[in-house]
Each structure stands twice: as structure tokens, then as C-alpha cells.
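The structure appears below as C-alpha cells.
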Amino acid sequence: DAKTTQPPSMDCAEGRAANLPCNHSTISGNEYVYWYRQIHSQGPQYIIHGLKNNETNEMASLIITEDRKSSTLILPHATLRDTAVYYCIVRETTQGGSEKLVFGKGTKLTVNP
Amino acid sequence: EAQVTQNPRYLITVTGKKLTVTCSQNMNHEYMSWYRQDPGLGLRQIYYSMNVEVTDKGDVPEGYKVSRKEKRNFPLILESPSPNQTSLYFCASSHAGQIHNQPQHFGDGTRLSIL
């Protein structure tokens, strides 16, 4: 089972910031938080990941709370092409190091004109 | 361009006719994996490979085989496809090792329909 909880859907106006929350209250100390998105049945696309510090790249920012029990993905200026399902994933390490990604149901973000 | 390439992108076939979905990556990744995606069930891992000649079962391996003879290729084989294997399939790859925490790169998907 996924170790994260996300709202099923969100809306955002084009040009505004989209803030997508994720709860991961059972995260352990060495587990990273990853964000991927999937645009209409295309392959999942990596966005960003972090351990405890806030991270920023050309796509987004990731804010992780100090207790690491939740995080927020921020798309600073959402465009129509950002409409997608966004997955917050706590990376699991299985015996033998499978590095399996466990995708939950994600958040369907709709960016409106 | 760094990419994971799957072929075919679409396939309609009949029950029992063996098929292979190819996956190739050009990033010299050690780790490769196959997922299937079904409505309401999300993405589930079928098989994975930590390196050449090393493969292992994921969560839903029944009815599938894989091989890893070369680092860049990781084909998914359906020896006797059945309708319950109708799904959207994704191949993914990354550098291995938790200490690296490298993101996985996904292919564009293969939509299989088994009649």
C-alpha cells in the first residue's frame, strides 16, 4: 500500500501557483519523498525529490515540514500543460533493493484558463 | 537524448499467442523495471532487474517472464497471453542503490489488448 495520502483532485487558475499537499506521517528517517506526474496515460515523469530540506528545480519546489510528516509540491506558475495526475511517493527499499515505486491514487490537478 | 524506449506502443492480439514487449534505455542504468497500470489499481510492479542477469519478481509477476542479457535491454515476455493481461505497461530505469536515490525514468507506455 502507498504510504502517502493526497487529495483526489484540485483546481488551479492558469498563471497562479499550484500547491499540492501530501501526508506521509509514517515516513522513516532515511526515506525520500518523490513527486512524479502522469499526463493522460503517458509515462510517469519525475518532478523532484527531497529528504528533509526544501528543494527547487526548474519544474517545481518541494517544501517538507520539519517533522517530515507532510510535504507540498509547488508549481509556481501553472500552465494548461501542467494538468495531470500528481503522485507523491515515499520511496520504499525492499530486501534486495528493489527500489520499487508505490504509486497511490495521486491528485488530479486541473489547470483552468 | 536520454530515454527509455518501449515497443510496440500499441498491440491487439489474441489469447495464447506469445508476445514480447521490448524496453531499451540509453542511460547505462543498472536498474530496470516493468509496471502495469489498470483503472482503479494504479501502477503495480511486475518484475525488476538490479543488473545484467539479475531479475526478480515484483507484486504481480504471474503470466510474465523477463530477461536481462544486456544492460540496456529488458524485454517483457507474455508466453500465453490472456485477457486479464490487457493493460497499459510501462518500463522504467534508474541507477541502482539507495544511496544514490536516483529518480526512475519511464517509457511512453505500451497498450496491450488481449482478445
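List of remarks:
- Rounded to the nearest 20 debye, dipole of the protein assembly as shown from Cβ charges on Lys, Arg, Asp, Glu: 480
- At q = 0.12 Å⁻¹, base-10 log of I(q)/I(0) for the protein assembly as shown (Debye sum, equal scatterers on each alpha carbon): -0.66
- In straight-distance terms, cross-link reach from residue B:18 covers every one of the lysines whose alpha-carbon lies under 18 Å from its own, apart from those fewer than eight places away in the same chain; here that gives B:65.
- Violating pairs (Cα-Cα greater than 28 angstrom) within the set A:108/B:69; A:100/B:17; A:52/A:105; A:3/B:69: A:108/B:69; A:100/B:17; A:3/B:69
- Charged neighbours of residue A:84, selected by a Cβ distance under 9 Å, balance to +2 (K, R count +1; D, E count -1).
- The accessible area of residue B:106, taken with all protein chains in place and a 1.4 Å probe, comes to roughly 30 Å².
- A viscosity of 0.890 mPa s and a temperature of 25 °C, combined with the Kirkwood radius over C-alpha pairs in the Stokes-Einstein formula, give the range A:4-96 a diffusion coefficient of 179 µm²/s.
- Note on the range A:42-113: Rg/Rh from Cα positions, Kirkwood definition for Rh, rounded to two decimals, is 0.99.
- Near residue A:39, once Lys and Arg are set to +1 and Asp and Glu to -1 for all other residues with Cβ below 9 Å from its Cβ, the sum equals +1.
- Added length on full extension, which subtracts the Cα-Cα distance from 0.36 nm per residue, residue A:13 to residue A:69: 17.4 nm
- The range A:43-64 and the range B:35-87: distance between their alpha carbon centers, rounded to Å: 28
- Ratio Rg/Rh, restricted to chain B and using Cα atoms, in which Rh is the Kirkwood radius: 0.96
- Its Cα centre serving as origin, chain B has a Cβ charge dipole (Lys and Arg +1, Asp and Glu -1) of approximately 260 debye.
The values are calculated or read from the model by the stated rules, or taken from the named source; none is laboratory data. Only a predicted model underlies this, so the values are computations on that prediction, with no experimental measurement involved. Backbone-built Cβ (ideal geometry, glycine too); neighbour counts: all protein chains shown. Protein only, heavy atoms only, side chains kept; ligands, DNA and RNA dropped before computing areas. Shrake-Rupley method; radii C 1.70, N 1.55, O 1.52, S 1.80 Å.
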